[in-house]
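Q: Starting off with a structure, shown below.
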Amino acid sequence: MEKMEAAEKATCRSVDNFNPLITTIFQVSCILVISHMFHILLKPLGQPGPFAQLLAGVVVGPTLLSRIRRVEDFFIQASSAEYYMFFSFLCRMLFMFSIGLETDIPYLKRNIRVVSIVAGGGIILSSICAAPLLWLLIKVFTVTKSRFPFYLLIFTVLANSASPVVIRMIAESKFDNADLGRLAIYSSLISEMSCVAFVATLTACSSTIRLVGAIIATLVTVLLIFLNNYLPFVFNKRNRHNRFLTNSELFLIIFILLAISLLVESAGYTAITCCFLAGLMFPREGKTCRTLLHKLTYAVNTFVLPVYFGYTGFQFNISKIFNKLTLILTVLIILLSAGTKIVATLAACYYLKIPRNESLILSFLLNMKGNYDLIIINSPPVPKMLWENDIHDLFLSVVVLKTLILAPVVAIWLNRGEFCAHYPTTLEILNPESELRMMACAYIPRHVSGYLSLISALSGCPNATLNPYVAHLVELRKKKKSKLMYHQLEDGDQYSDEEEYGGNDVVQITNALDSFISETKIPVHEAKIVSSFLTINQDVCNGAVDLRVSIIFLPFHKHQRVDGKMENSMEGIRTINQKVIRHAPCSVGIFLDRGQTGFQQPHGSLSVQNIATFFFGGPDDREALACSKRILMHSQVSLTVFRFIQANSSIQNSWISDASHKDEEVVMAISSIGTENEMDNVFVDSFYNRYVAQGKASLIEKYVSDGAETLVALREILDNMYSLVIVGKGGRENSSLTIGMSDWEECPELGLVGDLLASSEMNFSGSLLVIQQHRHSEEDEAFITP
């Protein structure tokens with residue numbers, strides 16, 4: 001009787017009662033609505049989007065709602081699976097291309113050894129553990145044919161790490177800029193791409209037809225990469241006066257991507273590697289990449305991934321594991337898969353000397369499933385082959401249940417914040433050859449030119465990496481209502497309302513960044529903060545925390561006129577600067593750019609830029625000197641350090657300035673005794689031994705008694721042609737070196753010396769950088785919103 005009922009059901013479903021396209025669209029809509037509802041409910045509990053989306057698919061699928069007969073007849077039809085699979089293919093291609101576009105190539109190059117060891121450990125151990133599991137499952141399911149593809153299936157389920165799940169979980173935890181977060185992201189990517197390459201290679205070697213298919217897939221992938229390197233050049237040239245490409249140009253790129261992906265799939269191989277490589281090799285400069293990131297990032301995170309994860313949960317049917325044998329096998333495979341990854345990752349991290357708590361969270365993150373393993377489960381690596389229902393349901397249950405179990409645990413762990421709370425918030429403690437993350441804030445295009453010169457100088461060290469962000473701060477004004485309907489807008493105007501803010505300044509800033517990136521090959525990330533000037537300082541501080549920057553650069557509220565006098569640009573800037581300085585989560589630098597007479601971009605310049613750093617002692621001056629260390633490594637920069645010392649001070653140094661070192665000079669100043677004085681001496685001695693003694697910089701001492709002598713010494717120094725002066729904001733408190741200098745103080749946010757150098761009375765035509773070192777306080781933590 002049961003067989004007759006099953007046969008009747010199969011006969012009924014051989015004919016579609018509803019249009020499959022309609023059911024697919026309705027299913028996608030249900031998944032989106034329910035996943036967003038779950039996300040709203042679970043987000044306060046710290047649960048990530050992939051968990052809510054996977055859970056939504058389980059609710060819509062045969063586990064819950066589709067158990068109702070009418071819902072089942074509507075969603076699950078004879079040809080609906082083909083529509084679902086094609087829609088899943090479209091989603092997969094888009095997000096893999098987006099992942100390739102967002103890949104941090106410099107980080108991957110620097111850490112390829114570490115990432116490969118972490119990913120490779122799990123792959124090697126999984127390939128070993130797959131053998132006994134293969135023997136067991138062959139006995140259980142009496143597999144007599146296609147044992148080699150069966151081994152590839154087991155290996156993939158054990159070894160693969162779903163990079164989209166890992167990336168979204170880390171991004172939603174605001175963990176993606178932490179070292180451990182980036183290590184997890186790229187370890188999962190390497191793991192997944194290695195599994196694809198391993199399976200594809202073994203499959204290609206199994207027969208001549210498969211080898212021909214592999215060659216075709218490789219050739220069309222190379223063709224796609226070539227087209228993606230040629231089209232951006234053409235589109236950037238056509239849209240030189242626009243910020244984004246037109247919709248038709250964007251559609252052409254996506255159409256080529258999907259067309260070639262279909263060719264790869266028709267050759268018998270998955271196209272996720274093809275799309276990922278296309279995004280990875282896509283030119284990062286210009287408007288084409290910016291448009292793709294702008295369009296794809298929102299669409300992928302809001303629609304594509306929720307539907308893809310939701311469809312994964314939709315396929316799961318909990319009633320399939322109620323069988324005692326299936327339940328035991330499911331638990332066994334989940335435990336074996338998790339144990340293999342955890343042991344291998346912990347061993348690799350022990351070898352790499354990664355802390356134990358970080359190793360543990362990394363091993364759990366790499367246990368996420370739900371991408372390439374699903375492809376192998378639904379589409380075996382052999383043409384015209386399907387897994388037995390029992391095998392398909394078993395491994396699908398393993399993938400879905402493992403992610404549903406581990407994702408909440410990992411999310412709670414990440415939200416504790418102990419793995420990403422600590423990062424260098426000052427330059428003094430940062431190794432000069434390590435990565436420097438900085439954020440430069442600009443209101444108008446004039447601010448950007450000076451920042452680009454600063455970025456160019458800071459990127460001079462060949463062994464260090466600079467990760468700069470230029471944030472365009474735009475005042476949020478009252479929204480203007482448009483009477484035009486959507487179809488009446490010109491092509492390219494159908495962007496979000498936020499794009500209207502900033503006016504023509506946005507295009508000018510974008511063009512300046514594009515030209516700089518094209519000329520220097522230094523990647524600069526562009527961001528825009530739209531907010532009221534009353535609260536924009538809080539958005540800047542929150543952005544600095546999210547980006548994990550070590551220093552924020554702010555523009556001075558005055559600019560130099562043609563006659564050399566200083567004039568207010570925007571008075572609101574000064575108030576914002578004062579608020580940011582007071583509450584910043586890292587060090588802050590106020591940059592006064594004097595245009596043509598100030599600091600110029602060192603890259604491509606034939607002349608050497610002379611820079612001076614004034615050191616009066618204290619944490620701010622040490623921070624200024626730490627910044628100077630980064631700049632002096634540029635071949636077109638000459639640094640001089642002037643150290644101001646009390647004339648009757650007992651400080652004696654075994655070193656003196658070497659007049660023969662004319663390449664670089666630094667100006668430094670130091671004052672009183674005590675703990676701060678000892679820290680200053682240690683820092684200066686280290687600087688001297690590492691840079692001055694090796695001829696990379698010069699150090700000059702200036703002995704002064706009071707503020708008047710300091711002022712005279714400053715005038716003498718500034719008679720030389722220095723294009724940039726770097727000084728700490730605070731100097732030493734209650735120092736006799738600056739007595740009387742506060743009488744004419746106008747801008748206290750610059751400090752005594754900085755305010756003096758910014759005034760027109762000093763007749764100084766160079767640029768000025770005033771730096772304040774970050775001081776940790778509970779008030780700052782309360783000010784910054786989580």
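Q: In the stretch 170-207, what count of residues is obtained for those that are part of a loop (DSSP other than H, G, I, E, B) and within 18 Å of ILE412 (Cα to Cα)?
A: Total meeting the criteria: 5.
Q: Hey, does the stretch 464-477 have a residue that's modelled with pLDDT under 85, open to solvent by less than 50 Å² (accessible area, probe 1.4 Å), not aromatic (Phe, Trp, Tyr) and not in a helix (DSSP H, G or I)?
A: Within the stretch 464-477, one or more residues are modelled with pLDDT under 85, open to solvent by less than 50 Å² (accessible area, probe 1.4 Å), not aromatic (Phe, Trp, Tyr) and not in a helix (DSSP H, G or I).
Q: Sticking with this structure for a sec: Within the stretch 1-111, which helices (runs of 4 or more DSSP H) (wholly inside it) include 2 or more residues that are over 30 Å from PRO468 (Cβ atoms) and either open to solvent by 30 Å² or more (accessible area, probe 1.4 Å) or modelled with pLDDT of 85 or more (or both)?
A: Counting at least 2 such residues, we get 2-13, 20-42, 49-60, 69-75, 80-102.
Q: Conditions: (1) among the hydrophobic types (A, V, I, L, M, F, W, C); (2) open to solvent by less than 10 Å² (accessible area, probe 1.4 Å); (3) without any contact (Cβ under 8 Å) to a residue 24 or more places away in the chain. PHE175 meets all but one. Number of the miss?
A: Among (1) among the hydrophobic types (A, V, I, L, M, F, W, C); (2) open to solvent by less than 10 Å² (accessible area, probe 1.4 Å); (3) without any contact (Cβ under 8 Å) to a residue 24 or more places away in the chain, PHE175 violates only (3).
Q: Among residues belonging to the stretch 760-786 that are in a loop (DSSP other than H, G, I, E, B) and at pLDDT below 55, point out the one that is farthest from GLN560 (Cα to Cα).
A: PRO786
Q: Name every residue in the stretch 570-595 that is open to solvent by 10 Å² or more (accessible area, probe 1.4 Å), aliphatic (A, V, I, L, M) and closer than 18 Å to GLY754 by Cβ, in order of residue number.
A: ILE581
Q: While we're here: Please go through the stretch 697-738 and give me each residue that is part of a loop (DSSP other than H, G, I, E, B) and surrounded by fewer than 19 Cβ atoms within 10 Å (Cβ to Cβ), ordered by number.
A: The answer is SER705, ASP706, ASP719, ASN720, MET721, GLU733, ASN734.
Q: Something else about it: Checking ALA81 against (1) over 14 Å from VAL28 (Cβ atoms); (2) touching a residue at least 40 places away in the same chain (Cβ under 8 Å); (3) small (Gly, Ala, Ser), which single condition isn't satisfied?
A: Only one criterion is unmet by ALA81, namely (2).
Q: Residues LEU336, LEU366: which one is open to solvent by 30 Å² or more (accessible area, probe 1.4 Å) and at pLDDT 90 or above?
A: The unique qualifying residue is LEU336.
Q: Now for a separate question. May I ask you to verify whether SER188 is open to solvent by 10 Å² or more (accessible area, probe 1.4 Å) and either at pLDDT below 95 or assigned by the TED database to the domain that holds THR403 (or both)?
A: no
Q: Specify which of the listed residues (ILE154, ILE185, ILE225, ILE170) is closer than 21 Å to GLU265 by Cα and among the aliphatic types (A, V, I, L, M).
A: Testing whether each residue is closer than 21 Å to GLU265 by Cα and among the aliphatic types (A, V, I, L, M) leaves just ILE225.
Q: On the given criteria, is PRO585 in contact (Cβ under 8 Å) with a residue 40 or more places away in the chain and within 24 Å of SER456 (Cβ to Cβ)?
A: Here the answer is no, as PRO585 does not meet what is asked.
Q: Quick one: how many residues across the stretch 191-219 are open to solvent by 40 Å² or more (accessible area, probe 1.4 Å) and of a type outside the set (S, T, N, Q)?
A: 10
Q: Right, next: May I ask you to list the residues in the stretch 112-135 that are open to solvent by 20 Å² or more (accessible area, probe 1.4 Å) and hydroxyl-bearing (Ser, Thr, Tyr)?
A: SER116, SER127
Q: Looking only at the stretch 149-172, how many residues end up being open to solvent by 10 Å² or more (accessible area, probe 1.4 Å) and among the aromatic types (Phe, Trp, Tyr)?
A: 1
Q: Please tell me if SER635 is modelled with pLDDT under 90, hydroxyl-bearing (Ser, Thr, Tyr), open to solvent by 40 Å² or more (accessible area, probe 1.4 Å) and under 23 Å from GLN600 (Cα atoms).
A: Taking the combined requirement at face value, the residue satisfies it.
Q: Right, next: Please verify whether the stretch 666-689 includes one or more residues that are in a strand (DSSP E or B) and at pLDDT below 90.
A: Checked the stretch 666-689: at least one residue is in a strand (DSSP E or B) and at pLDDT below 90.
Q: I'd like the residue in the stretch 190-214 that is more than 33 Å from the chain's Cα centre (by Cα) and polar (S, T, N, Q) and, out of all such residues, is farthest from LEU153 (Cα to Cα).
A: THR208
The values are calculated or read from the model by the stated rules, or taken from the named source; none is laboratory data. Keep in mind the model is a prediction, meaning the values are calculated, not measured. Counting neighbours? That spans all protein chains shown, and the Cβs are built from the backbone with ideal geometry, glycine included. With ligands, DNA and RNA removed, areas are computed over all heavy atoms of the protein, side chains included. Shrake-Rupley method; radii C 1.70, N 1.55, O 1.52, S 1.80 Å.
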